[in-house]
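K.L.:
I am attaching a structure below and will ask some questions about it afterwards.
Where a number appears in this text, it was derived from the coordinates with a stated rule and is not lab data. Everything numeric here is computed off the predicted structure, so don't read it as measured data. Every residue, glycine among them, receives a Cβ derived from its backbone with ideal geometry; neighbour counts consider all protein chains shown.
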Amino acid sequence: MSSNLKPLLARLALGETLPAADAEDAFGIIMSGEATPAQIAGLLMAMRVRGETVAELTGAVQAMRARMAAIEAPEGAIDVCGTGGDNAGTLNVSTAVTFVLAGLGVPVAKHGNRALSSRTGGADVLTALGVNVDVPLDRLAGVLRAANCVFLFAPRHHAALRHAAGPRVELGTRTIFNLLGPLANPARVRRQLTGVFDPKWARPMAETLGALGTERCWLVHGEGLDELTVAGDNSVVELDRGRLRSFVLTPEDAGLPRAPIAAIRGGEAAVNAAALAALLRGAAGPYRDTVLLNAAAALVVAGRVEDVRGGVAAAAAAIDDGAALAALETLRKETA
């Protein structure tokens, strides 16, 4: 049992919030294996019931980043991922976006996991596509340079989180850890397109990334999804070199037709992999449109286009001229 954590737990029990430095200490104790399951559960629920603050998020992410297995990434690298937790079971969007961006020369350090709240996670669909997601850590930077994209399998980079795994499972409810993954990219990217399961967390997460040195990011939520959708309106919080703004993005803003979320409902890994491969070979429809919308936003965040309409045109060209498919084939080869 950690005696150092007890005073912090006492303060949380009184409803106090922790400044970033104290939150970093608390999560450092947890991630170092020095806290008991009861202490971990108590801290997580005290924060959850009261509501986690930006300072607490910032400190927790700092503790997580200090213990992660990091890799080097080229200047201008970007991440496209989400918190998960939308339970929508859609086809894999951010993974497909990864290949579109890579085909356009944007380095993508894709942070992800196996299926947790969905039927098929990024690691699952990539494995089904013939990509090795267990490449030795010391090879990942080279894979990123050669393929312009790489998959960073979260459990391998954040092994310290194993100390909180038991209490999180036993609690069976959302905790601060559900918000931390997209904030702790192992390549230390400074640009991100990040989906959130609940739009109320978009601004706090953007503020946290800003406090941690992110240059530009979009935190997005679309009609219940932790990504942009063509099913309706999307809420966006943008961080651009310290400036925050919120706006609504519609499919029409990008020149795309609307389609219901059911049109991109996915299945097991083989089903989603087949759909992704067909998309990269030029298949049209709502899945392609959804990927184009998210890729367009990522291109804006990466500074490659001025607006989403320009991003849609660039993303469509990357698919239609085979560059996106070539990026998948290169990643498959480089991870063999």
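K.L.:
Roughly what % antiparallel, to the nearest 5, for the DSSP beta bridges in the chain?
P.N.:
Numbers: 16 of 32 bridges.
Roughly 50 percent of the DSSP beta bridges within the chain come out antiparallel.
K.L.:
Please name whichever of Ala128, Pro7, Ala70 sits farthest to the positive end of the charge dipole of segment 1-153, dipole taken about the Cα centre and charges placed at Cβ: Lys and Arg +1, Asp and Glu -1.
P.N.:
Of the listed residues, the answer is Ala128.
K.L.:
At 25 °C and a viscosity of 0.890 mPa s, what translational diffusion coefficient does Stokes-Einstein give for segment 285-336, taking Rh as the Kirkwood radius over Cα pairs? Give it in µm²/s as a whole number.
P.N.:
Translational D for this selection: 213 µm²/s.
K.L.:
Compute the relative contact order of segment 205-286 as a whole-number percentage, counting only Cα pairs closer than 8 Å that sit 6 or more residues apart in sequence. Please list the in-between numbers first.
P.N.:
On the way: 106 pairs, mean separation 17.9, N = 82.
Once normalised by length, the contact order is 22 percent.
K.L.:
Using +1 on the beta carbon of Lys and Arg, -1 on that of Asp and Glu, and nothing else charged, what's the dipole of the chain about the Cα centre, debye to 20?
P.N.:
Working: 32 positive and 34 negative charges, 84 e Å.
Computed about the Cα centre, the dipole is about 400 debye.
K.L.:
Based on Cβ point charges of +1 for Lys and Arg and -1 for Asp and Glu, what charge dipole magnitude is obtained for segment 6-67 about its Cα centre, in debye rounded to the nearest 20? Let's see the in-between values first.
P.N.:
Numbers: 6 positive and 7 negative charges, 25 e Å.
The dipole of segment 6-67 has a size of about 120 debye.
K.L.:
Among Pro251, Ser94, Thr17, whose Cα projects farthest towards the positive end of the dipole of the chain, with charges put on the beta-carbon of Lys, Arg (+1) and Asp, Glu (-1)?
P.N.:
Of the listed residues, the answer is Thr17.
K.L.:
Return the percentage of antiparallel bridges among DSSP beta bridges fully within segment 85-232, rounded to the nearest 5 %. Don't jump to the answer; show the numbers that get you there.
P.N.:
Details: 1 of 11 bridges.
Percentage antiparallel, nearest 5: 10.
K.L.:
In terms of modelled amide H atoms, which long-range or inter-chain residues lie less than 5 Å from the amide H of Arg114?
P.N.:
Ala123
K.L.:
Determine the distance separating the Cα centre of segment 270-336 from the Cα centre of segment 90-150; give it in Å without decimals.
P.N.:
What the calculation gives is 13 Å, centre to centre.
K.L.:
When the Debye formula is applied to the Cα atoms of the chain, each taken as the same point scatterer, what base-10 log of I(q)/I(0) results at q = 0.14 Å⁻¹?
P.N.:
-1.07
K.L.:
Right, something else. With n ≥ 4 as the cut-off for DSSP H runs, can you work out [θ] at 222 nm for the chain, using -39500 (n - 2.57) per run divided by the number of residues, rounded to the nearest 500? Before the final figure, lay out each step's value.
P.N.:
Numbers: 15 runs with 155 residues, N = 336.
Roughly -13500 deg cm²/dmol at 222 nm, from the helical runs in the chain.
K.L.:
Which of Ala38, Ala147, Ala314 moves most in a GNM of the chain, Cα contacts under 10 Å?
P.N.:
Comparing Ala38, Ala147, Ala314 in the GNM, the peak value goes to Ala38.
K.L.:
Could you work out the pair-distance distribution P(r) of segment 141-214 from its alpha-carbon pairs, with 5 angstrom bin width and percents rounded to whole numbers?
P.N.:
Result, from short to long distances: 3, 12, 21, 20, 20, 15, 6, 2, 0 percent.
K.L.:
Which one, Ala262, Ala109, Ala128, has the greatest fluctuation when you compute a Gaussian network model over the chain with C-alpha springs under 10 angstrom?
P.N.:
Maximum among the listed residues: Ala262.
K.L.:
Could I ask something else about it? Could you grab the relative contact order for the chain? Cα pairs under 8 Å, six or more apart, rounded to a whole percent.
P.N.:
Details: 691 pairs, mean separation 72.0, N = 336.
The normalised contact order for the chain reaches 21 percent.
K.L.:
For segment 26-130, what log10 I(q)/I(0) values come out of the Debye formula at q = 0.14, 0.17, 0.19 1/Å, with one point per alpha carbon and no solvent?
P.N.:
The computed values of log10 I(q)/I(0) come out as -0.79, -1.04, -1.13.
K.L.:
While we're looking at this one, here's another question. Looking at the chain as a GNM with Cα springs under 10 Å, which of His221, His158, His111 has the largest mean-square fluctuation?
P.N.:
Taking springs between Cα atoms under 10 Å, the residue moving most is His158.
K.L.:
Now for a different question. Along the Cα→Cβ direction, 7 angstrom out, place labels at Arg145 and Arg243. What is the inter-label distance in nm?
P.N.:
3.6
K.L.:
A further question on this structure: Two decimals is fine: what is log10 I(q)/I(0) at q = 0.23 Å⁻¹ for segment 6-67, from a Debye sum with one equal scatterer on every Cα and no solvent?
P.N.:
The Cα Debye sum returns log10 ratios of -0.91.
K.L.:
Could you tell me which of His157, Phe197, Gly303 has its Cα farthest along the dipole of the chain towards the positive end, charges placed at Cβ (Lys, Arg +1; Asp, Glu -1), taken about the Cα centre?
P.N.:
About the Cα centre, the residue reaching furthest to the positive side is His157.
K.L.:
May I pose another question? Between Lys333 and Val49, what is the label-point separation in nm under the 7 Å Cα-to-beta-carbon projection?
P.N.:
It works out to 5.8 nm between the two label points.
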